[in-house]
Amino acid sequence: MAEPTESTPAPAARTDRSPWNWLLVIPIVLPVLTPIYNFDAPRLWGFPAFYWLQFSFILVGVATTSLVYQKTRRPVRAVPAPPASAPDSPAPDSPAPDSPAPDSPAPDSPAPHSSNPDSSALAGDPDE
């Protein structure tokens, strides 16, 4: 059998080995150690300690997982912005900043109203 002439590159070695990952053992082992919380008192809102401690283990697991995630995540690379062409000049289609748009009414004159009731809904008339 002939061997292929091209060899596929080996996958990169994983680099997610962090000491922070050892904290994930806590929410796994803690619920298994039932002798440390197998009792009735104290009660919280009428629930025996066994039940409300089990619920608190959920919160411990969420907090531990969130902490490990925050401490071990890789920084996100910023995507380079496209080069800006003349940031001081306005875009060719836009009016100058101090002049009103060509189809907008002058600031002193009221906006024209149409006799068609449907046209005001399309134009976004705030009176209707």
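Within the range 9-34, take every residue that is exposed (fewer than 13 other Cβ atoms within 10 Å of the Cβ) and modelled with pLDDT of 85 or more and give me the one that is farthest from the chain's Cα centre (by Cα).
Here the answer is L33.
How many residues does the range 35-49 hold that are modelled with pLDDT of 85 or more and surrounded by 10 or more Cβ atoms within 10 Å (Cβ to Cβ)?
Residues that pass the stated criteria total 1.
Quick one: in the range 71-97, which of the residues that are under 30 Å from V25 (Cβ atoms) and open to solvent by 100 Å² or more (accessible area, probe 1.4 Å) is modelled with the highest pLDDT?
Result: K71.
The values are calculated or read from the model by the stated rules, or taken from the named source; none is laboratory data. Because the structure is a prediction, the values reported are computed rather than measured. Here the Cβ is made from the backbone with ideal geometry for all residues, glycine too, and neighbour counts use every protein chain on show. Side chains are part of the model used for accessible areas, which takes the heavy atoms of the whole protein and leaves out ligands, DNA and RNA. Shrake-Rupley method; radii C 1.70, N 1.55, O 1.52, S 1.80 Å.
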